[in-house]
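These notes are about the structure you will find just below.
The values are calculated or read from the model by the stated rules, or taken from the named source; none is laboratory data. Everything quoted here is computed from the prediction, not taken from an experiment. Neighbour counts are summed over all protein chains in view; Cβ atoms, including those assigned to glycine, are modelled from backbone coordinates with ideal geometry.
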Amino acid sequence: MIERGGFRPGERLPSTRTLARAKEASAATIVEAYESLVERGLVQVRPRSGYFVAPSRKPGKATAAPKTKIDRAPAIAAIEEPVAVSELVFQVLAQIRQRQVVPLGSAFPGPSLFPLPRLAQDLARAARRMDPWRTVEDLSPGSLELRRQVAKRYGLHGLAVSPDEIVITSGAMEALNLCLAAATRPGDVIALESPAFYASMQAADRLGLRVVQVRTDPVDGIDLDALEQAIRRNGVKACWLMPTLQNPLGASMPVERRRALAKLLARHDVALVEDDVYAELRFEDPLPPVKAFDTKGLVMHCGSFSKSLAPGYRVGWCVPGRLRQAVERAKLSTSIATSVPAQEGIAEFLRQGGYERHLRRLRRTFSDNQRRFRAAITAHFPAGTRVASPEGGYFLWVELPGRREAMKLYARAVKEGISVAPGPMFSASGGYANAMRINCGHPWDERTARAIARLGRLAN
């Protein structure tokens, strides 16, 4: 169309998202196609604006492709326009608040699986005997007793962390956002996994950051060669990665790859926001976080009790390394402190014991559920459907065969009272059109079994 005059010099071309929908192709395929036109000098990239037809050329004279702020390469998908996943995320979150909806699209495990009555008793006991001065003393970085208990958990995972290195936050999301903000400035480039946890893309958009997504394997995690290529080409300032039970794939990086990742980041002096909220949910022995191999204070490790013990209490933490003071002050200047009674209640629960016993029950439930869900999906979904087999947690990544679209399935499922998380939620450029994430962290019952069977029929 360019050569025949269908698109004129200087005219803007359709966005990758629009073209992906129109051609029923992945966003990565569209980006690769556009880049081939850039290499031929037919198309130019304008940062944060998109693709445009190159100025007219004299016959037989080639024009070098212009330099862009974010280069693209195999296994890397970059964007330069605002991330547009928030509206879809908010739709899915709104649906799962309704109790009558089967919450297969939820990001949270079933609340009935947690020792909430016992936690309530511990919270009440801690609140009754709390010194009023604690409301002042436990401002950021947070309760010393809770930080001591968290430090003990690090010790069980083979990592020596002092309570003074820990900052208590209002859930992991605050920890992750504070760390990302401390490590970057507006306009910086950050690297995310592909597919990625949607909140990382929302955070990047809110902070005015540019995103490069790097191919991530459902078993071994992020492609380290592609990550280094992205760092070299794009001047990446920070990464937000989930090495253990990655959301949505469920991938867990082997120990040697974690060590290699830490060395890679150290070579290039790139910060890592390590999202480790599912670490306690691995079925086998825990894996050391990337933080365990950090020699320069570049890794900002973030965790939470929301997925493993106390959903709704909104208590998380981070170990920000060399940016600890910046994170602590940012916490103090934004939300001042995390709920003191909630901190004390969880500290009391940990101090009294029983957390390990609870985790064993929770992991067993998730393991049994994963087996049941995988069997049901295999039985009811179209032939050729692929389902991940993670080493823990409560998410299953499902890829439909052929050109079946998860967004269409999502819309049909909503009408049936079933929520799923469609693949485009996890891509900055609308990719993974044939994939979805299914939550298997709620108790398995007849209602859930019927929902999976119905979802399979809708997908056929």
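It is to be established whether one or more residues within the stretch 359-370 are closer than 30 Å to ASP138 by Cα and surrounded by fewer than 22 Cβ atoms within 10 Å (Cβ to Cβ). Yes, there is a match, as at least one residue in the stretch 359-370 is closer than 30 Å to ASP138 by Cα and surrounded by fewer than 22 Cβ atoms within 10 Å (Cβ to Cβ). Within the stretch 189-214, being within 22 Å of LYS291 (Cβ to Cβ) and not aliphatic (A, V, I, L, M) holds for GLU193, PHE197, SER200. Here ARG403 clears all of (1) among the charged types (D, E, K, R); (2) surrounded by 21 or more Cβ atoms within 10 Å (Cβ to Cβ); (3) assigned to a loop (DSSP other than H, G, I, E, B) except the condition numbered (2). Here ALA199 passes the criteria (1) over 25 Å from PHE349 (Cβ atoms); (2) buried (at least 21 other Cβ atoms within 10 Å of the Cβ) except the one numbered (2). Taking the listed residues VAL189, VAL136, the one that is buried (at least 17 other Cβ atoms within 10 Å of the Cβ) and either at pLDDT 95 or above or farther than 16 Å from ASP275 by Cα (or both) is VAL189, with no other qualifying. Of all residues in the stretch 274-288, those satisfying the criterion of being crowded, with 22+ Cβ neighbours inside 10 Å and either over 16 Å from VAL167 (Cβ atoms) or among the hydroxyl-bearing types (Ser, Thr, Tyr) (or both) are TYR278, ALA279, GLU280, LEU281, LEU287.
Taking the condition touching a residue at least 24 places away in the same chain (Cβ under 8 Å), outside any loop (DSSP other than H, G, I, E, B) and in contact with a Cys (Cβ under 7 Å, 6 or more places away or on another chain), does LEU261 pass? Judged against the criteria, LEU261 is not a match. Would it be correct to say that LEU245 is surrounded by fewer than 24 Cβ atoms within 10 Å (Cβ to Cβ), in the same structural domain as ARG125 (by TED's automatic domain parsing) and assigned to a loop (DSSP other than H, G, I, E, B)? Judged against the criteria, LEU245 is not a match. When the residues of the stretch 139-183 are filtered to those that are free of Cβ contacts under 8 Å to residues at least 24 places away in the same chain and outside any helix (DSSP H, G or I), the one that is surrounded by the most Cβ atoms within 10 Å (Cβ to Cβ) is SER162. Filtering PRO390, PRO382, PRO341 for residues that are touching a strand residue (DSSP E or B) at 6+ places or on another chain (Cβ under 9 Å) and not polar (S, T, N, Q) leaves a single hit, PRO390.
The residues of the stretch 22-45 that are surrounded by fewer than 18 Cβ atoms within 10 Å (Cβ to Cβ) and within 28 Å of the chain's Cα centre (by Cα), listed by number, are ALA22, LYS23, GLU24, ALA25, THR29, GLU32, ALA33.
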